[in-house]
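Remarks on the structure that follows.
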Amino acid sequence: MKYNTTKKQIALISVHGDPAIEIGREEAGGQNVYVRQVGEALGELGWQVDMFSRRISADQEIIVQHNSHCRTIRLTAGPTEFVSRDVGFQYLPQFVDQLMAFQKENDLKYELVHTNYWLSSWVGMQLKKRQGTKQVHTYHSLGVIKYNTIENIPLVASQRLSVEKEVLETAERIVATSPQEKEHMRTLVSQKGMIDIIPCGTDVRQFGSIGKIAARAELGIDPDTKVVLYVGRFDPRKGIETLVRAVRESKFYESKKIQLIIGGGSIPGNSDGRERDRIEGIVKELGMVECTSFPGCLSRDILPAYYAAADICVVPSHYEPFGLVAIEAMSSGTPVIASDVGGLQFTVVNEETGLLVPPRNVPAFSHAIDRILSNPAWQEKLGHEAKRRVNNKFSWDGVASQLDQLYLQLLEQSTREPALAV
Ligand code: UDP
């Protein structure tokens, strides 16, 4: 069914995940990429898209125009500096006030918002209470799962858990990015609320645009080297330590023909900088300095070459609600070895597009690496199937059109049953 009678306008709210910022550094990862991709894709489908985030530096532009229909708007709420998401809740009332003021100044009223992560979900719930806005929400991470995988539970934990329950029960629609995430919401958060499954997507034209030989030539990597790649943030829960130790145990390590590339940015002194130092320390301790490289933050322009150059991409996370890196690598024709958790169980098909192994299990990761690297024909077959799976299920065009239909359906409902004036 097509809906075309409604004005296509939406606000995407991502308080702590600025869609216009450089990706791959402190607390900037999948959520930022997701919001930016959703925003731009919707812009191309004729939506007027305003993406709201918190301004974290006086040098940042207040409005960044991405295309003629899509812009990022940075609101001042709290100090104009980076604050960890665990202490960001106190600035949300000011964020809501700023958003209301922005609407007033620009003669706008958002009938529909799509909020991202629990902090933004609270903002969306306030807009709903104050002006009857309809809310779609994507969690990106569930507190109840996160707090099971870390030792130091932050003070904000109980607040987060209650906000996450409230939004599930009150939003017009929750977007789960995998069936596994939906199941976790139902079993661990609440039985109430409406959940649709719409996965994250990736740009299948960008990833897959370069072949292995050309990629290796561009990056100066010997064609005979076995390349194992990690891409992502430096965070202990990403399991990079497991990967380093697994490569050290690989039978290819002794031949010195293996290269481990650990791509991702970090800021010295911040939590990601500390994790990078810790990982570099392990690399040194295991005598792996020569076969390990840290190219730093990889821009969207160079990432396709890294994925294509790799023989295997490893996603060793302790937990992952979706895991964009897996589908980016798969789209590039590279098999993925991933932890058998969360959304990775949805994207990676064990023995068909890669291998799933128990998280934190060094021998299991090492064995999986050896199985694929010692069988180039199978490696190629897995890569081929991986690419096919992403093209069929996770292309941005397909994902964006599912979101487009969901939003239109909700807006259409509000024109039929206008929200009560609040
Ligand atoms: N990323 C990037 N450059 C880097 C490291 C990561 O562009 O140096 C991107 C990566 O391509 C992916 C995102 O950051 O799109 C990470 O998303 P994922 O869902 O895998 O993990 P999250 O950061 O959400 O935990």
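The values are calculated or read from the model by the stated rules, or taken from the named source; none is laboratory data. Source: prediction; values computed, not measured. Cβ sites come from the backbone with ideal geometry, for glycine too, and all protein chains shown count toward neighbours.
The residue that is nearest to ILE327 (Cα to Cα), counting only those in the range 220-242 that are away from the ligand (no atom under 14 Å from the Cβ) and touching a residue at least 24 places away in the same chain (Cβ under 8 Å), is VAL228. ARG237 fulfils the conditions (1) modelled with pLDDT of 95 or more; (2) in a helix (DSSP H, G or I); (3) closer than 17 Å to PHE365 by Cα; (4) not small (Gly, Ala, Ser) except for a single criterion, (1). Where helices (runs of 4 or more DSSP H) fall entirely within the range 92-163, those with at least 1 residues that are touching a Phe, Trp or Tyr at 6+ places or on another chain (Cβ under 6 Å) and of a type outside the set (A, V, I, L, M, F, W, C) are at 143-149.
On the stretch given as the range 305-332, residues that are under 17 Å from VAL204 (Cβ atoms) and either within 12 Å of the ligand (Cβ to nearest atom) or crowded, with 24+ Cβ neighbours inside 10 Å (or both) total 15. Screening VAL113, VAL49 for residues that are of a type in the set (A, V, I, L, M, F, W, C), closer than 28 Å to GLY398 by Cβ and touching a Cys at 6+ places or on another chain (Cβ under 7 Å) leaves exactly one candidate, VAL49.
The residues in the range 179-192 that are more than 20 Å from TYR147 (Cβ to Cβ), part of a loop (DSSP other than H, G, I, E, B) and in contact with a helix residue (DSSP H, G or I) (Cβ under 7 Å, 6 or more places away or on another chain) can be counted, and the count is 1.
The criterion of at least 3 residues that are touching a Pro at 6+ places or on another chain (Cβ under 9 Å) is met, among strands (runs of 3 or more DSSP E) falling completely within the range 245-350, by 258-263, 336-339.
Of the residues making up the range 158-193, just one is in contact (Cβ under 8 Å) with a residue 12 or more places away in the chain, exposed (fewer than 15 other Cβ atoms within 10 Å of the Cβ) and under 22 Å from the mean Cα position of the chain (by Cα), namely PRO179. Just one of the listed residues (ARG25, ARG74) is modelled with pLDDT under 95 and either crowded, with 19+ Cβ neighbours inside 10 Å or closer than 25 Å to LYS134 by Cα (or both), namely ARG25. Looking across PHE95, PHE102, PHE82, one residue alone is surrounded by fewer than 19 Cβ atoms within 10 Å (Cβ to Cβ), farther than 22 Å from TRP396 by Cα and modelled with pLDDT of 95 or more. It is PHE102.
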